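I have placed the structure first, in the form of structure tokens, so that the comments after it can refer back to it.
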Amino acid sequence: MKKSTIIIFFGLFLFIPLLGQQSFIPQSLVVNVEVPIRVFAGEKFVSDLDINDFQVFENGIEQKIEAVYLVNKKTIKRSTENTKFFPETARTFFLFFEVSEYTAYMKDALDFFCAEIILPGDKLYIITPIKTYKLVDLALKNKTPMDISKELNGLLRKDIMSGNSEYRDMIQNLIQISRQLIADIRSAGSGDPSRQMAGEDLSTSQKIMKLQEHLLSYNSELARLDTIRKIDQMKLLDFARFLKGEDGQKHVFLFYQREFIPQLDSNLVNEFLSVNMEYADSFSALNMFRESGDFHKRDISLDVDLVKKAFADSSISVHFLMISNPRRFIEGIQMKESSEDIFGAFRQMALASGGFMESSARPDILMQNATSAAQNYYLLYYTPKDYVPDGRFKEIRVRIKGRNLKVIHRKGYFSY
């Protein structure tokens with residue numbers, strides 16, 4: 001979100017060798033596709049299903065299901081098989097914190113995760129705005145969950161405060177420039193001619209120039225902000241390829257903090273321009289504040305369709321957790337939400353990968369709900385009819401026979 005955020009966020013894994021392992025399980029020259037599935041009736045996980053309850057379609061064509069396994073955490077609770085498989089239920093967790101401010105609720109989130117979720121044998125990566133930390137299995141055996149959480153929270157707090165200082169400074173600069181613009185607008189066109197002649201007050205033309213200078217400063221600072229929040233598509237795809245090479249079940253929990261960009265109150269701008277119509281051309285840059293819906297939109301050069309297919313292919317669940325921190329109130333300034341573009345891209349990733357999405361001001365509640373949704377699942381295996389390794393994306397759709405249930409799963413794979 002902030003200083004080198006998304007760039008760092010997906011760049012830190014480049015030091016890890018990327019493996020070319022496919023998300024298939026080869027058995028005697030037969031390709032079998034693995035699909036993790038979560039089934040819900042309302043908010044409750046449905047645990048009474050077997051192989052005869054499922055239907056799976058690839059590119060619209062029904063496929064033969066070879067086996068279905070019910071898994072809780074890492075334990076296979078029940079299986080129904082036409083062909084025997086040996087599911088890999090080891091777990092790898094990635095906790096990303098794309099946030100600009102550390103809160104006590106983040107501590108509570110990590111406390112819960114360390115106490116209730118992580119188990120010996122699991123892999124855990126914590127990704128902060130500065131570094132990636134890997135929890136070694138030895139720590140899980142020799143330290144208490146609270147000791148581990150305390151250590152991780154210390155690292156997270158330090159890295160958030162240090163790594164996002166540039167972002168916070170830019171937001172504060174935009175607020176300060178906005179306040180200067182408000183003062184410029186209120187003074188432009190006003191003043192006492194006698195004081196101007198005496199050199200005690202700025203002339204209207206001088207006020208206009210001052211306003212234009214501050215508008216240029218605002219736009220320049222906004223451009224700098226966009227630069228540090230750039231999404232790097234290649235690093236996103238590299239990360240997906242890395243995840244594809246990891247064995248077992250893989251979960252990304254992305255905590256992303258709601259963003260606000262300061263802008264001038266549109267009522268103030270409209271009032272000023274209506275009174276100073278003769279200077280409309282000089283104040284063309286103010287028009288971006290007149291309609292909040294047309295205000296600043298980032299140009300995200302991201303092929304969302306390609307990225308979401310890559311994450312579906314990697315057989316990982318991306319859980320997108322938006323921290324909905326409250327909007328600040330500053331007189332004369334509108335704090336315009338600027339998360340929609342990021343939200344749309346990562347929402348698509350979560351949907352394509354069969355992940356969980358939720359928004360809350362409480363990261364601890366987000367953590368509890370997301371991990372609860374990820375604890376129970378089915379592993380379904382099928383053999384594609386007339387399989388051809390043509391490199392194309394094959395769409396997967398799973399339904400439950402005769403029941404109106406919510407079915408969540410990855411949306412497909414590339415047939416290499």
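The values are calculated or read from the model by the stated rules, or taken from the named source; none is laboratory data. These numbers were taken from a predicted model, which means no experiment stands behind them. Quick reminder, even Gly has a Cβ in these numbers, built from the backbone with ideal geometry, and neighbours come from all protein chains shown.
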#### Entry: Residue that is modelled with the highest pLDDT [pool: residues in segment 384-416 that are within 28 Å of the chain's Cα centre (by Cα) and small (Gly, Ala, Ser)]
Gly412
#### Entry: Breaking point among (1) in a loop (DSSP other than H, G, I, E, B); (2) more than 22 Å from Ile37 (Cα to Cα), for Gly355
(2)
### Candidates Leu152, Leu156, Leu124, Leu138, filtered to the one that is loosely packed, with under 14 Cβ neighbours inside 10 Å and more than 30 Å from Leu264 (Cβ to Cβ)
Leu138
### Task
Look at Ile130 and say whether it is in a helix (DSSP H, G or I) and of a type in the set (A, V, I, L, M, F, W, C).
no
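If a residue must be of a type in the set (D, E, K, R) and surrounded by 24 or more Cβ atoms within 10 Å (Cβ to Cβ), how many such residues does segment 311-334 contain?
Of segment 311-334, the ones of a type in the set (D, E, K, R) are 313, 327-328, 331.
Adding the requirement that they be surrounded by 24 or more Cβ atoms within 10 Å (Cβ to Cβ) leaves 313.
Residues in segment 311-334 being of a type in the set (D, E, K, R) and surrounded by 24 or more Cβ atoms within 10 Å (Cβ to Cβ): 1 in total.
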### Query
What are the residue pairs meeting all of these: first residue in segment 52-73, first residue under 30 Å from Glu116 (Cα atoms), second residue part of a helix (DSSP H, G or I), Cβ atoms under 6 Å, and 6 or more apart or on different chains?
Val68/Ile51; Lys73/Gln375
### Query
Mind checking which residues of segment 369-385 are surrounded by fewer than 18 Cβ atoms within 10 Å (Cβ to Cβ) and either in a helix (DSSP H, G or I) or of a type in the set (Lys, Arg) (or both)?
Asn369, Ser372, Gln375, Lys385
### Query
Which one of Asp226, Asp238, Asp169, Asp247 is closer than 30 Å to Asp303 by Cα, surrounded by fewer than 18 Cβ atoms within 10 Å (Cβ to Cβ) and either modelled with pLDDT of 85 or more or in contact with a strand residue (DSSP E or B) (Cβ under 9 Å, 6 or more places away or on another chain) (or both)?
Asp247
### Query
Leu379 fails exactly one of the following numbered conditions: (1) at pLDDT 95 or above; (2) touching a helix residue (DSSP H, G or I) at 6+ places or on another chain (Cβ under 8 Å). What is the number of that condition?
(2)
#### Entry: Residues of segment 36-71 satisfying the condition of being surrounded by 13 or more Cβ atoms within 10 Å (Cβ to Cβ) and within 26 Å of the chain's Cα centre (by Cα)
Pro36, Ile37, Arg38, Val39, Phe40, Phe45
### Summary
The number of residues in segment 76-102 that are touching a residue at least 24 places away in the same chain (Cβ under 8 Å) and assigned to a loop (DSSP other than H, G, I, E, B) is 11
### Summary
How many residues of segment 218-254 are in a helix (DSSP H, G or I) and more than 15 Å from the chain's Cα centre (by Cα)? The answer is 17
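Here is a yes/no grid of residues against (1) part of a strand (DSSP E or B); (2) of a type in the set (Ser, Thr, Tyr); (3) within 14 Å of Tyr377 (Cβ to Cβ); (4) at pLDDT 95 or above:
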site	(1), (2), (3), (4)
Ile37	yes, no, yes, yes
Leu49	no, no, yes, yes
Asn52	no, no, no, yes
Val56	yes, no, no, yes
Ile65	yes, no, no, yes
Val68	yes, no, yes, yes
Val71	yes, no, yes, yes
#### Entry: Filter result for the condition that a residue is over 29 Å from Pro36 (Cβ atoms) and not acidic (Asp, Glu), over Thr132, Thr103, Thr89, Thr80
Thr103
